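Below you'll find the structure, written out as structure tokens, and then a few comments.
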Ligand code: GDP
Ligand code: MG
């Protein structure tokens, strides 16, 4: 689609070595069921493949934003099946996620107040993990198409983003609404911070 490519995580390592500077690791955070995998699959251009679901996936895609190419590695690995033989797995994984990202997408569902509260918690956790770093964070209210079961208003979402000093966007993975804007916005946020560091 549109000449963009997606790939499995196997090739991620080789493709990231040539232009390290333009490869950005983006981590999706949020409660179960809010639409992380749906958003990631749209980004990766593989939404019709239902067999990619279970284990957690990474999507590798080049995007041209403001005339300049950037490669995003989008990690949909926050939720993993808990391994019975290693109960501490999830905790370890979450710590890794908090450390490894160049940018974060914290997703909640506008139809689920609890997921919105969880998003605030994740924001606080992230702040603690990356204390003095100024990393781009986008708060995403997904499922904006489900108008009648909405529990979180646009204003509440926006206000939360102001308090937590991050960007905000509402999306609908079901309608593909604002999904492209979301990922382009991430690239812009990363570039803004890079440019101000170089000044
Ligand atoms: P995850 O657990 O955060 O990865 O969430 P999923 O991407 O698996 O989505 C959970 C469920 O919500 C699935 O049934 C999706 O089809 C559905 N879903 C995800 N995004 C949207 C959306 O924007 N609108 C609607 N109506 N359903 C959505
Ligand atoms: Mg998922």
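The values are calculated or read from the model by the stated rules, or taken from the named source; none is laboratory data. Source: prediction; values computed, not measured. Quick reminder, even Gly has a Cβ in these numbers, built from the backbone with ideal geometry, and neighbours come from all protein chains shown.
Among the residues that make up the range 190-197, is at least one of them on the phi < 0 side of the Ramachandran plot, in contact with a helix residue (DSSP H, G or I) (Cβ under 8 Å, 6 or more places away or on another chain) and surrounded by 14 or more Cβ atoms within 10 Å (Cβ to Cβ)? No.
Listed here are the residues, each with its yes/no results for (1) touching a residue at least 40 places away in the same chain (Cβ under 8 Å); (2) surrounded by fewer than 21 Cβ atoms within 10 Å (Cβ to Cβ).
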position: 90; (1), (2): no, yes
position: 95; (1), (2): no, yes
position: 108; (1), (2): yes, no
position: 121; (1), (2): no, yes
position: 126; (1), (2): yes, no
position: 134; (1), (2): yes, yes
position: 141; (1), (2): no, no
position: 145; (1), (2): no, yes
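Would you confirm whether or not the range 49-60 contains a residue that is away from ligand 2 (no atom under 16 Å from the Cβ) and either modelled with pLDDT of 75 or more or assigned to a helix (DSSP H, G or I) (or both)? Checked the range 49-60: at least one residue is away from ligand 2 (no atom under 16 Å from the Cβ) and either modelled with pLDDT of 75 or more or assigned to a helix (DSSP H, G or I) (or both). Picking from residues in the range 171-185 that are buried (at least 19 other Cβ atoms within 10 Å of the Cβ) and touching a residue at least 40 places away in the same chain (Cβ under 8 Å), the one that is nearest to ligand 2 (Cβ to nearest atom) is 173. Give the residue that is farthest from residue 144 (Cα to Cα), with candidates limited to residues of the range 13-48 that are in a loop (DSSP other than H, G, I, E, B) and either within 11 Å of ligand 1 (Cβ to nearest atom) or at pLDDT 95 or above (or both). Here the residue is 47.
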